[in-house]
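Single-structure report; data block below.
The values are calculated or read from the model by the stated rules, or taken from the named source; none is laboratory data. Note that this is a predicted model, so its numbers are computed, not measured. Ideal geometry is used to build each Cβ from the backbone, glycine not excepted, and the neighbour counts take in all protein chains shown. With ligands, DNA and RNA removed, areas are computed over all heavy atoms of the protein, side chains included. Shrake-Rupley method; radii C 1.70, N 1.55, O 1.52, S 1.80 Å.
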Amino acid sequence: MDTVHQHVAPELALYAIGAVDPAEVMAIDAHLAACARCREELVRLREAAALLAPVSRRDLDMCWDRIAAQVRSSA
């Protein structure tokens, strides 16, 4: 694995949701043009992000409340 790939791969999740610094976008775009593995991973990350997009902060808080309640009851 080359050093560019090692730098880009961890940034793909941020790239998928548009949270990458503009200066990084060009480097990631160039890498994606040459790396099928990262392009495939980006597709999966964007699909996952699309599934989470409709989730509200309230929904997330309720989810964590349920998880915490289950942890407390099993302790």
- Query: Has segment 6-18 got any residue that is in a helix (DSSP H, G or I), under 15 Å from the mean Cα position of the chain (by Cα) and exposed (fewer than 11 other Cβ atoms within 10 Å of the Cβ)?
  - Reply: yes
- Number of the condition not met by residue 28 [criteria: (1) closer than 19 Å to residue 5 by Cβ; (2) of a type in the set (Val, Ile, Thr); (3) open to solvent by 80 Å² or more (accessible area, probe 1.4 Å)]: (3)
- Item | Selection count, segment 63-75, where residues are modelled with pLDDT under 85, part of a helix (DSSP H, G or I) and open to solvent by 90 Å² or more (accessible area, probe 1.4 Å) | 2
- Those residues of segment 19-37 which are among the charged types (D, E, K, R) and in a loop (DSSP other than H, G, I, E, B), in sequence order: 21
- Item | Pair list, Cβ under 7 Å, 6 or more apart: segment 38-64 residue under 12 Å from residue 13 (Cα atoms), other residue at pLDDT below 85 and open to solvent by less than 70 Å² (accessible area, probe 1.4 Å) | 38/8; 38/9
- Query: If you take the residues of segment 38-62 that are open to solvent by 70 Å² or more (accessible area, probe 1.4 Å) and part of a loop (DSSP other than H, G, I, E, B), which of them is farthest from residue 28 (Cα to Cα)?
  - Reply: 54
- Message: Going by what's in this entry, would residue 22 be described as within 15 Å of the chain's Cα centre (by Cα), modelled with pLDDT of 80 or more and loosely packed, with under 11 Cβ neighbours inside 10 Å?
- Response: no
